[in-house]
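Input: a single structure, listed below in structure tokens.
The values are calculated or read from the model by the stated rules, or taken from the named source; none is laboratory data. This structure is a prediction, so every number in the text was calculated from the model and none was measured. Please note: Cβ atoms are built from the backbone with ideal geometry, for glycine as well, and neighbour counts cover all protein chains shown. The accessibility values were calculated without ligands, DNA or RNA, using every heavy atom of the protein model including side chains. Shrake-Rupley method; radii C 1.70, N 1.55, O 1.52, S 1.80 Å.
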Amino acid sequence: MVTLVTGGAGFIGGHIARDLKRRGHYVIVADNLSTGNKLNLRGIDEFHELDLGRDNILSIFEKEYDLIYHFAGQSSVETSYSDPIYDLDTNVRSTLNIINNIKHYKNKVHLIYASSMSVYGGDEPMPKREDSPLDGKNFYAIGKKASESYLSLCSSKTIKTTSLRLFNIYGPGQNLENLNQGMLSIYLAQAINNDKIIVKGALDRSRDFVYINDLIRLTNKIENNPSCYGKILNICSGKETKISELINAIESSLKKKLTISEQVSTKGDIKRMIGCNNLLKEITGIKANTNIKDGINLMIEALKTNRYFE
């Protein structure tokens, strides 16, 4: 099976690409390496360094794919405000370019898209279901919703699509150098390097965290699954973790006391975001069940033993 992974040099895309290789796929990765790590490319069959939103991408679609994971795109709300054109190119134009290049395939390919919980906004009630009202109040959320809409419009007509609304994914391989994306990784990097965590926003904010291995188990059940065609699915645990609890878990894992500095929230931030995973469990038969404390321990252990990309 020939599979394309866009954003395959990134944290989530890299895990997906390596899992596909372990399962016998011929894996092709496309990434602009703006935030990716070449260590994520070890073992993949082909790599194309290009920007899916700005470059001519015809060359990577000369062959037909059996499966496409479209996980390329910048994932920072802060960046979407500081450089909204780049956010638009990576998160919307890239999706349109892919649709345009695969719409003439003889066989409909299953395209799995990395959307975001951001499309819901932060208004109550919680938890958010797939049919909850969408009220994303930042540029990043608007771009993700636009891509979902384009894919839904094309689904079944030219391609088979599934949009995954990813909640807070974390785990080994997450970029600890990029302090603009990944709440848990930002706090962990600061805790390791400075013994101090700067929290932009209140400590009683909360999120729904999903360990990377749980995501991989779920995507295995979603790939080329007719029950998922045309669907939008929450990738969430359904469990609420406050920022104060998250920091306590980091302190416990590192076995040291951290200094906490509370600052003003970033633009577009929300107080609370919890997902409902009922539809996900109904379709896949499984759920994300890694405890946040266990997940952080595994992440830190991988760092200590230099197994970060395994």
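Accessible area per residue for the chain is 44 Å², calculated with a 1.4 Å probe on protein heavy atoms, without ligands, DNA or RNA.
When Val29, Val264 are compared by accessible area at a 1.4 angstrom probe, the order from most to least is Val264, Val29. Per-residue accessible area (protein heavy atoms, 1.4 Å probe) orders Ser244, Ser152 as Ser152, Ser244, starting from the largest.
For segment 51-154, what class follows from the C-alpha gyration tensor (a ≥ b ≥ c being the square roots of its eigenvalues): rounded when a/c is under 1.5, otherwise prolate if a/b is larger than b/c, else oblate? Oblate, since a/c reaches 1.5 and b/c is not below a/b. Dipole orientation for the chain: of the candidates Ser94, Leu279, Val5, Leu279 has the Cα lying most toward the positive pole (charges on Cβ; Lys, Arg +1; Asp, Glu -1). With the convex hull drawn around the C-alpha atoms of the chain, the volume per residue stands at 117 Å³. Normalising the average separation of contacting C-alpha pairs (under 8 angstrom, six or more residues apart) by the number of residues puts the relative contact order of the chain at 17 percent. Distance between the modelled labels on Arg23 and Asn289, one decimal in nanometres: 1.9 nm (7 Å Cα→Cβ projection).
Among the listed pairs Lys103/Lys128; Lys221/Lys281; Lys144/Lys242, which have their C-alpha atoms separated by more than 22 angstrom in this model? Over 22 Å apart, Cα to Cα: Lys103/Lys128; Lys144/Lys242.
Evaluated with a Cβ-only charge set (Lys, Arg +1; Asp, Glu -1), the chain carries a dipole of roughly 580 debye about its Cα centre, given to the nearest 20.
Between Ser185, Ser118, Ser59, the Gaussian network model of the chain with springs among Cα atoms under 10 angstrom shows the greatest mean-square fluctuation at Ser59. By accessible area, using a 1.4 Å probe on protein heavy atoms only, the chain has 48% of its surface on carbon and sulfur. Extension gain, Arg42-Glu64: 0.36 nm per intervening residue step, less the Cα-Cα distance, totals 5.6 nm. Across 5 Å bins from 0, what is the distribution of all Cα-Cα pair distances for segment 109-260, in whole percents? Histogramming segment 109-260 at 5 Å steps yields 2, 9, 16, 19, 19, 14, 10, 6, 3, 2, 0, 0 percent.
Counting only DSSP beta bridges whose two residues both lie in the chain, roughly 5 percent are antiparallel.
A probe of 1.4 angstrom, applied to the heavy atoms of all protein chains, finds Leu33 with accessible area near 40 square angstrom. May I ask you to list the aspartates and glutamates whose Cα is less than 20 Å away from that of Lys106, ignoring any residue fewer than eight positions away on the same chain? Those aspartates and glutamates meeting the cut-off are Glu62, Glu64, Asp66, Glu223. Rolling a 1.4 Å probe over the protein chains gives Asp204 an accessible area of about 80 Å². The distance separating the Cα centre of segment 134-159 from that of segment 25-42 comes to 24 Å.
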